[in-house]
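The values are calculated or read from the model by the stated rules, or taken from the named source; none is laboratory data. Just so it is clear, the model here is predicted, and its values are computed rather than measured. We place every Cβ from the backbone using ideal geometry, glycine too, and count neighbours over all the protein chains shown.
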């Protein structure tokens, strides 16, 4: 099991939670294909909605259900790729409350890493964030 971080606005995260899917990096397939069934995804939401008010919270987490990456027609020619996710009950937690405990934030220019929109978390960071959100899991390196 590997832990991943997806960077998505809260409004888009809520849409995914309601629909049981994950969508990252403006609908690109490659980041979703890096995940495998049994992996876990934590969402970090820098804003409430795209271009909206600053939030900076971890907003949801869930387990990748299968290995299928599929497209969904959202209309207007937009066909983003998605993965099925089984979301866990979790509470939002502010990045500020965990920042000093995360390996990710100890790296120089760590904020730039978030701009990629999808990245692998260290097992320690995943456990720290998931635990703060109310879930106890362990992940392989």
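Quick notes on this structure:
- The residues on offer are 91, 124, 83, and the sole one that is at negative phi, part of a helix (DSSP H, G or I) and surrounded by 11 or more Cβ atoms within 10 Å (Cβ to Cβ) is 124.
- Residue selected from region 98-109 under the condition in a helix (DSSP H, G or I) and under 18 Å from the mean Cα position of the chain (by Cα), by the criterion surrounded by the most Cβ atoms within 10 Å (Cβ to Cβ): 104
- Residue identified as more than 21 Å from residue 20 (Cα to Cα) and either more than 14 Å from the chain's Cα centre (by Cα) or part of a helix (DSSP H, G or I) (or both) among 112, 50: 112
- Residue match in region 17-28 (condition: in a strand (DSSP E or B) and touching a helix residue (DSSP H, G or I) at 6+ places or on another chain (Cβ under 6 Å)): yes
- Within region 29-42, the residues that satisfy the criterion of being closer than 14 Å to residue 2 by Cα and outside any helix (DSSP H, G or I) are 35, 36, 37, 38, 39, 40, 41, 42.
- Residues of region 1-16 that turn out to be part of a loop (DSSP other than H, G, I, E, B) and over 17 Å from residue 93 (Cα atoms), as a count: 2
- If you check 59, 97 for being in contact with a helix residue (DSSP H, G or I) (Cβ under 6 Å, 6 or more places away or on another chain) and within 17 Å of residue 135 (Cα to Cα), only one passes: 59.
- Total residues in region 63-73 satisfying the condition of being loosely packed, with under 12 Cβ neighbours inside 10 Å and part of a loop (DSSP other than H, G, I, E, B): the figure is 1.
- Taken together, the residues in region 33-53 that are surrounded by 22 or more Cβ atoms within 10 Å (Cβ to Cβ) and at pLDDT below 95 amount to 0.
- Sub-6 Å Cβ pairs linking a first residue in region 86-100 that is in contact (Cβ under 8 Å) with a residue 60 or more places away in the chain to a second residue that is surrounded by 13 or more Cβ atoms within 10 Å (Cβ to Cβ) and not in a strand (DSSP E or B), at least 6 apart or interchain, are 87/17, ordered by first then second residue.
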